[in-house]
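The values are calculated or read from the model by the stated rules, or taken from the named source; none is laboratory data. Because the structure is predicted, anything quoted here is derived from the model rather than measured. Don't worry about glycine lacking a Cβ; one is built from the backbone with ideal geometry, like all the others, and counts go over all protein chains shown. Quick note on the areas: whole protein, heavy atoms, side chains included, nothing else; ligands and nucleic acids left out. Shrake-Rupley method; radii C 1.70, N 1.55, O 1.52, S 1.80 Å.
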Amino acid sequence: MHFATPLVPARLIRRYKRFLADVRLEDGTEVTAHCPNPGSMMGLAEPEMRIWLEPNDDPKKKLKYGWRLVEHDTGDFTGIDTAVPNRMLKDALIARAVPALADYPQVRAEVKYGEKSRVDFQLSGDGLPDAYVEVKSVTLLRQPGVAEFPDAKTARGARHMAELAAMVAEGHRAYVLFLVQRTDASEVRIAHDIDPAYGRALRDAKAAGVGILAHACGITPEGVTLGPALPVSTEAP
């Protein structure tokens, strides 16, 4: 997935009200950008971080920049736009580029299921049980190489695990796919200290037959691509 408009570098001044960020462009101009991430963004919103913005000239948009990436001192990138993973993954699913899900030729996004919920993707194919895929964007990294989810308590996430387990009980397939939006991680773990209830819900879902998948992302200021599968541990320490 390529960004629609070439990204421009900036420095973060502050993130506030969840969806707003004051930033300083390379020429010194200070502007307010849209922050498309409602999460805690732990470790990703420190003042003076080098970030990348996507400009737009849409007259319907009040803010002319959208925050897309953090560039770390190591040269690694983290994607902070929570909508990007699903857009990229949809293309990968249609291309049948996700090995664990490559048997499915038909892909539908945002399908209603469970108790007033929507699953990110419903996959189908002749002679196959439908597969329900919930995507989790992973951006937290507290120790080298280890991406963690979640970065804040998520009652909604725990509910999704129960709903996926219910789909398995009805004879369907179900998966949670942790999509790591960092280029400096080689494995995924659950942040049980941040949300033990989510950790329990995930383990219960796994025991009920929900598949647990994780993939890296290739991230540059040009775009985001699907990377290789990563190991994922659901066990509490």
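When you look at H172, is it of a type outside the set (D, E, K, R), touching an Asp or Glu at 6+ places or on another chain (Cβ under 6 Å), within 30 Å of A4 (Cβ to Cβ) and touching a residue at least 24 places away in the same chain (Cβ under 8 Å), yes or no? Talk me through it step by step, then tell me what you get.
Working: of a type outside the set (D, E, K, R): yes; touching an Asp or Glu at 6+ places or on another chain (Cβ under 6 Å): yes; within 30 Å of A4 (Cβ to Cβ): no; touching a residue at least 24 places away in the same chain (Cβ under 8 Å): yes.
Considered against the rule, which asks whether it is of a type outside the set (D, E, K, R), touching an Asp or Glu at 6+ places or on another chain (Cβ under 6 Å), within 30 Å of A4 (Cβ to Cβ) and touching a residue at least 24 places away in the same chain (Cβ under 8 Å), H172 comes out as no.
Is one or more of the residues making up the range 153-160 β-branched (V, I, T), open to solvent by less than 20 Å² (accessible area, probe 1.4 Å) and either modelled with pLDDT of 95 or more or in contact with a helix residue (DSSP H, G or I) (Cβ under 6 Å, 6 or more places away or on another chain) (or both)?
Filtering the range 153-160 down to residues β-branched (V, I, T) leaves 154.
Subset that is open to solvent by less than 20 Å² (accessible area, probe 1.4 Å): none.
No, there is no match, as no residue in the range 153-160 is β-branched (V, I, T), open to solvent by less than 20 Å² (accessible area, probe 1.4 Å) and either modelled with pLDDT of 95 or more or in contact with a helix residue (DSSP H, G or I) (Cβ under 6 Å, 6 or more places away or on another chain) (or both).
If only one of D151, D204 is assigned to a helix (DSSP H, G or I), farther than 19 Å from E110 by Cβ and touching a residue at least 24 places away in the same chain (Cβ under 8 Å), which one is it? It would help to see each step written out before you state the result.
Values: D151 fails: assigned to a helix (DSSP H, G or I).
Going through D151, D204 in turn, the sole match is D204.
Filter the range 41-77 for residues that are open to solvent by 50 Å² or more (accessible area, probe 1.4 Å) and closer than 16 Å to Q181 by Cβ; which is farthest from the chain's Cα centre (by Cα)?
Going through the range 41-77, the residues open to solvent by 50 Å² or more (accessible area, probe 1.4 Å) turn out to be 42, 46-48, 50, 57-62, 64-65, 73-74.
Of the ones still in play, those that are also closer than 16 Å to Q181 by Cβ are 42, 74.
Numbers: M42: 14, T74: 21 Å.
Among those that are open to solvent by 50 Å² or more (accessible area, probe 1.4 Å) and closer than 16 Å to Q181 by Cβ, it is T74.
Results for (1) closer than 19 Å to R87 by Cβ; (2) of a type in the set (A, V, I, L, M); (3) exposed (fewer than 15 other Cβ atoms within 10 Å of the Cβ); (4) within 15 Å of the chain's Cα centre (by Cα), shown as yes or no for each residue.
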position: V146; (1), (2), (3), (4): no, yes, no, no
position: M167; (1), (2), (3), (4): no, yes, no, no
position: I190; (1), (2), (3), (4): no, yes, no, yes
position: I194; (1), (2), (3), (4): no, yes, no, no
position: Y198; (1), (2), (3), (4): no, no, no, no
position: H215; (1), (2), (3), (4): yes, no, no, yes
position: I219; (1), (2), (3), (4): yes, yes, no, yes
position: P231; (1), (2), (3), (4): no, no, yes, no
